[in-house]
1. List the number of the failed condition for Ala111; all other conditions in (1) under 13 Å from the mean Cα position of the chain (by Cα); (2) among the aliphatic types (A, V, I, L, M); (3) within 27 Å of Pro48 (Cα to Cα) hold.
2. Report the residue count in region 123-152 for those that are within 12 Å of the chain's Cα centre (by Cα) and among the polar types (S, T, N, Q).
3. Could we say that Arg22 is closer than 22 Å to Leu125 by Cα, surrounded by fewer than 17 Cβ atoms within 10 Å (Cβ to Cβ) and touching a residue at least 12 places away in the same chain (Cβ under 8 Å) here?
4. Restricted to region 159-173, and to residues that are within 18 Å of the chain's Cα centre (by Cα) and hydrophobic (A, V, I, L, M, F, W, C), which residue is nearest to Thr43 (Cα to Cα)?
5. So Val41 clears everything in (1) buried (at least 18 other Cβ atoms within 10 Å of the Cβ); (2) touching a strand residue (DSSP E or B) at 6+ places or on another chain (Cβ under 8 Å); (3) more than 26 Å from Glu164 (Cβ to Cβ) except one condition, right? Which one?
6. Scan region 117-140 residue by residue and report those that are under 13 Å from Lys154 (Cβ atoms) and buried (at least 20 other Cβ atoms within 10 Å of the Cβ).
7. Restricting the first residue to region 142-168 and requiring it to be touching a residue at least 40 places away in the same chain (Cβ under 8 Å) and buried (at least 17 other Cβ atoms within 10 Å of the Cβ), which pairs with a second residue that is part of a loop (DSSP other than H, G, I, E, B) and not β-branched (Val, Ile, Thr) meet a Cβ separation below 6 Å and a spacing of at least six or different chains?
Amino acid sequence: MTQLGAVAWPPDPIRTERLVLRESEARDRAAFIELFASPEVGTYIGGPRPRDELERAVPEVPGRRPGLFVVDLDGAMIGVITLDRRDATRPGHVRPDAGEAELGYMFLPEAWGRGYAAEACAAALDWFADALPGEPVVLCTQTANGRARRLAAKLGFTEVERFEEYGAEQWFGVRSSVPPSG
């Protein structure tokens, strides 16, 4: 992963009405394994990974890297949000030099349908807009993932294009932190 720029990491925890976005800790390991082993979570991202493989592969402190926030509800991890640079070799870009910041997120199924993803993603996007003003953020999801597309619209992403990747049609959108003029 390419760094997000001259952003100090980790930032102070980001607090919302119900959640805390923070750096990963050792206590999050079991939730990381659950997240990546979940068939529901894996539906649109290539399927679940085998639990025994995850038990061997996931480090003691998983996900500790720039751009990854653990989403914490009442002291327990319920998901993750990532802000990474989109690989220039992949389809879908809004800048000629590529490398846009890309929002990604995954939540444990028991946290679905309660507005946590919208709340946490909005907080991460606000943090990013303050840290790197004017930088666009992109989001890519399978066209078939209606929930993710509805969340993208709620967060202010607009469709740029659709393309085939990973054997499925992808929806690609952008959110500009620059307020519209006029």
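1. Answer for Ala111: the failing condition is (1).
2. Adding up the residues that qualify gives 1.
3. Values: closer than 22 Å to Leu125 by Cα: yes; surrounded by fewer than 17 Cβ atoms within 10 Å (Cβ to Cβ): no; touching a residue at least 12 places away in the same chain (Cβ under 8 Å): yes.
Taking the combined requirement at face value, the residue does not satisfy it.
4. Of everything passing the filter in region 159-173, Trp171 is nearest to Thr43 (Cα to Cα).
5. (3)
6. Within region 117-140, Ala117, Ala120, Cys121, Leu125, Leu139 qualify.
7. Qualifying pairs under 6 Å: Gln142/Tyr44; Asn145/Tyr44.
Here's the yes/no breakdown for (1) within 30 Å of Gln170 (Cα to Cα); (2) at pLDDT 95 or above; (3) part of a helix (DSSP H, G or I); (4) not charged (D, E, K, R):
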residue	(1), (2), (3), (4)
Arg18	no, yes, no, no
Arg27	no, yes, yes, no
Ala31	yes, yes, yes, yes
Val41	yes, no, yes, yes
Tyr44	yes, no, no, yes
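The values are calculated or read from the model by the stated rules, or taken from the named source; none is laboratory data. What you see is a predicted model, and the numbers here were worked out from it, not measured in a lab. Positions of Cβ are generated from backbone atoms using ideal geometry, with glycine treated the same way; all protein chains shown enter the neighbour counts.
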